[in-house]
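Here is the structure we will look at, set down as C-alpha cells.
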Amino acid sequence: MTSNAAPYQIGPSNESVVALEVFKSGLRTGKKHVLFFEQYEGEALYNRDKPEESSIRLVIEARSAACRDEWLKPAERKKVLAEVLDPILAADQQPRLTFASSRVARKASSRFEISGTLTMREISKAVTADVAITSIGDDRLELDGNAQVSFSDYNLTPPSSALGLIRTKDKMLLRFLLWGEKSQAAAQR
C-alpha cells in the first residue's frame, strides 16, 4: 500500500445498506428474502491516483440481521430470521462475518472488481465483488456493489419447506451501499 492511500471509516448510516438476498424456488419462484445487516464496521484505504492499490476490510455482526420482507406476515418473518440466525449463520457461536480484500482491478472508469476472502461460520472462501467507487469531495467515499455467494460454499444445504415444494436456491446475492468517512487522523494531515 502506498502512502497516497487515505483511510475511510465505514459504519452504518441512513444512506448505507448491507443486505443478503436469498432467492426462492418451487412454489415461491420469483420471491426472495432480503436480510438487512444493521451493525457493521470497516475501513477502506483508497488511493485516488492508483485505485488498484486500494483495499477494504468489513466486519458484519451476524446477530444484527433483520428480515423486513413485506410479502410475509410478521410471524413468518420471525421464523425466517430465526432460521437464518441459528442454523445458517450460527450467530451465537460465530458472531461475525468478515471480508478482507486481496486485489482491486479496474473494469471501467469507476467500476472495479474487488477480490478477497469472505469468512462465515469459520469457513473462508474467495469471493469477487463488482463495485462502483465514487469519491465525494475529499472526505467521503461511496462503495456500491454486489457479490454472489453460495450456501454450498459454507457447507450449508439451502433450506426448504412444505415437503420440498418451497425451496431456496444455492446462490445468494450480497448487496451493499457503503459510505466511508475520512478518518480524523487522515483529515488532520
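Running Debye on the chain with equal point scatterers at the Cα sites and no solvent, what base-10 log of I(q)/I(0) appears at q = 0.14, 0.19, 0.20 Å⁻¹?
Rounded to two decimals, the profile gives -0.80, -1.30, -1.40.
Tell me what the chain gives for mean residue ellipticity at 222 nm when only DSSP H runs of n ≥ 4 count, each as -39,500 (n - 2.57), the sum divided by the residue total, rounded to 500 deg cm²/dmol.
Here the helix-only value at 222 nm equals -2000 deg cm²/dmol.
Let's see if you can work this out: charge +1 on each Lys and Arg Cβ, -1 on each Asp and Glu Cβ, no other charges. What is the dipole magnitude of segment 1-94 about its Cα centre, in debye to the nearest 20?
520 debye
For segment 1-108, state which trypsin sites (Lys or Arg not before Pro) are in a DSSP loop and have at most 13 other beta carbons lying within 10 Å of their beta carbon.
Hits after loop and neighbour filter: ARG48, ARG68, LYS107.
Taking the Cβ of ARG63 as the center, what net charge do the other residues with Cβ under 11 Å away carry, scoring Lys and Arg +1 and Asp and Glu -1?
Value of the local net charge: -3.
If Lys and Arg each add +1 and Asp and Glu each add -1, what is the summed charge of the other residues whose beta carbon sits under 12 Å from the beta carbon of ALA129?
Once positives and negatives cancel, what remains is +1.
Could you give the dipole magnitude of the chain about its Cα centre, charging the beta-carbon of Lys and Arg +1 and that of Asp and Glu -1, in debye to the nearest 20?
600 debye
Per residue, how big is the convex hull of segment 1-109 when only Cα atoms are used? Give it in Å³.
Spread over its residues, the Cα hull of segment 1-109 gives 153 Å³ apiece.
All of the numbers you see were taken from the coordinates with simple rules; none came from a lab. Remember, predicted model here, so these are calculated numbers, not experimental data. Note that we place each Cβ from the backbone using ideal geometry, even for glycine, and neighbour counts take in every protein chain shown.
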